[in-house]
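Each remark here refers to the structure printed beneath this line.
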Amino acid sequence: MTQPLSATSTSPRLGIVLCLLSMFIFAAQDGITKILVRDLPVAQLVMVRYWVFLLFAIAFATLKVGGVRVAANSRHPWLQLCRSLLGVFEIIIFGLALRYLGLAETHAIYAIFPLLTLALAGVLLRERVSSRQWLAAVIGFAGTLVILQPGLGVFSLASLIPLLAALMFAFFSILTRKISTADGFATNMLYMGLWGAVATTAIGLPQWVSPEPGQLAMMLVLSMTGVLAQLLLIQALRYAPAVTLQPFNYALLLFASVLGVVWFGEVLAPALVIGAGMVVAGGLLSLKQPR
């Protein structure tokens with residue numbers, strides 16, 4: 001998710017705390033999703049989440065920019081559509097990864113997306129990529145290979161699912177960068193919520209499986225905490241600049257790994273730990289240094 005807002009207050013510690021809390025909620029969400037996808041279609045879960053997200057986007061537009069009609073005024077409506085559909089399928093694919101892989105492994109592979117975004121920005125947006133950033137991308141890619149272990153007899157095709165999700169989210173981020181130069185945050189959210197709800201309803205409604213009471217409760221928690229995590233991230237950006245918060249986004253991988261061990265009894269293989277460390281190191285190395 002891009003971070004178009006800038007800090008309006010000088011309280012970076014509070015911003016960091018809010019960012020870490022949002023990362024923990026995102027990790028917990030993925031843990032809940034991993035439980036639900038055992039018995040329910042992924043598209044169904046994503047559909048409910050987008051319904052709730054659309055309501056949030058409408059409320060945000062009404063309160064912040066004067067209404068849905070104002071927020072719907074986009075200079076890139078077709079790019080907004082492409083971006084929204086890309087976001088939908090990225091979430092669905094990530095959910096499939098959670099069905100077949102552990103929470104820690106999924107996030108360790110998915111953590112390569114900032115470096116994929118960096119490389120794509122250099123190619124597609126003609127952004128200048130320094131030699132240090134290219135080195136970071138190589139380190140992160142090498143870390144991903146350590147996790148995947150191709151050719152060593154332990155490679156699983158399922159491991160490519162979060163890698164595909166990471167690539168799709170990188171393209172999503174590139175489109176968001178391009179669109180955000182003309183469209184505001186409320187407009188981006190409204191289009192993503194609207195087209196996301198339409199697309200997921202078309203896919204998820206035919207697959208609908210009536211959830212049991214406990215599953216329904218978890219679906220509601222999943223949807224509401226998604227909005228809460230976004231609000232916390234928005235607030236974090238009001239207290240600290242994005243460049244300050246970026247390193248703390250990798251706490252998501254740490255939280256997901258801990259929850260994977262505690263909730264699902266996952267074992268963190270040495271290759272996973274080493275590879276994830278390389279991916280995170282590459283991501284931190286790629287960050288632009290503040291002037």
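Couple of notes before you dig in:
- Test: residue in the stretch 33-56 that is under 30 Å from ILE139 (Cβ atoms) and touching a residue at least 24 places away in the same chain (Cβ under 8 Å): yes
- Test result for ILE112, among the β-branched types (Val, Ile, Thr) and closer than 30 Å to PRO77 by Cβ: no
- Selection of the stretch 14-46 for residues being outside any helix (DSSP H, G or I) and surrounded by 18 or more Cβ atoms within 10 Å (Cβ to Cβ) yields VAL37, LEU40, PRO41.
- Of all residues in the stretch 121-159 being outside any helix (DSSP H, G or I) and under 17 Å from LEU284 (Cβ atoms), the one that is nearest to the chain's Cα centre (by Cα): VAL129
- Test: residue in the stretch 6-29 that is at pLDDT below 90, among the hydroxyl-bearing types (Ser, Thr, Tyr), within 22 Å of ILE179 (Cβ to Cβ) and in contact with a Pro (Cβ under 7 Å, 6 or more places away or on another chain): yes
- Residues that are among the aromatic types (Phe, Trp, Tyr) and surrounded by 21 or more Cβ atoms within 10 Å (Cβ to Cβ) were ranked within the stretch 145-193; the one that is modelled with the highest pLDDT is TYR191.
- Among the residues of the stretch 200-224, those identified as closer than 12 Å to ILE32 by Cα and surrounded by 16 or more Cβ atoms within 10 Å (Cβ to Cβ) are GLN215, MET218, MET219, LEU222, SER223.
- Filter result for SER74 (polar (S, T, N, Q), part of a loop (DSSP other than H, G, I, E, B), surrounded by 16 or more Cβ atoms within 10 Å (Cβ to Cβ) and modelled with pLDDT of 90 or more): yes
- In the stretch 61-71, the qualifying residues are those that are modelled with pLDDT of 90 or more and touching a helix residue (DSSP H, G or I) at 6+ places or on another chain (Cβ under 6 Å), and the one that is surrounded by the fewest Cβ atoms within 10 Å (Cβ to Cβ) is VAL68.
- Taken over the stretch 87-111, the residue count meeting the criterion of being out of contact with any Leu (no Cβ under 7 Å at 6 or more places or on another chain) and aliphatic (A, V, I, L, M) is 7.
- Per the conditions (1) under 24 Å from LYS178 (Cα atoms); (2) assigned to a loop (DSSP other than H, G, I, E, B); (3) of a type outside the set (Ser, Thr, Tyr), the sole criterion not satisfied by ILE91 is (2).
- Residues being more than 20 Å from ILE139 (Cα to Cα) and either touching a Pro at 6+ places or on another chain (Cβ under 8 Å) or modelled with pLDDT of 90 or more (or both) - total across the stretch 242-267: 14
The values are calculated or read from the model by the stated rules, or taken from the named source; none is laboratory data. If you're wondering where the values come from, they're calculated on a predicted model, not measured in any experiment. Here Cβ is always computed from backbone atoms with ideal geometry, including for glycine, and neighbour counts include all displayed protein chains.
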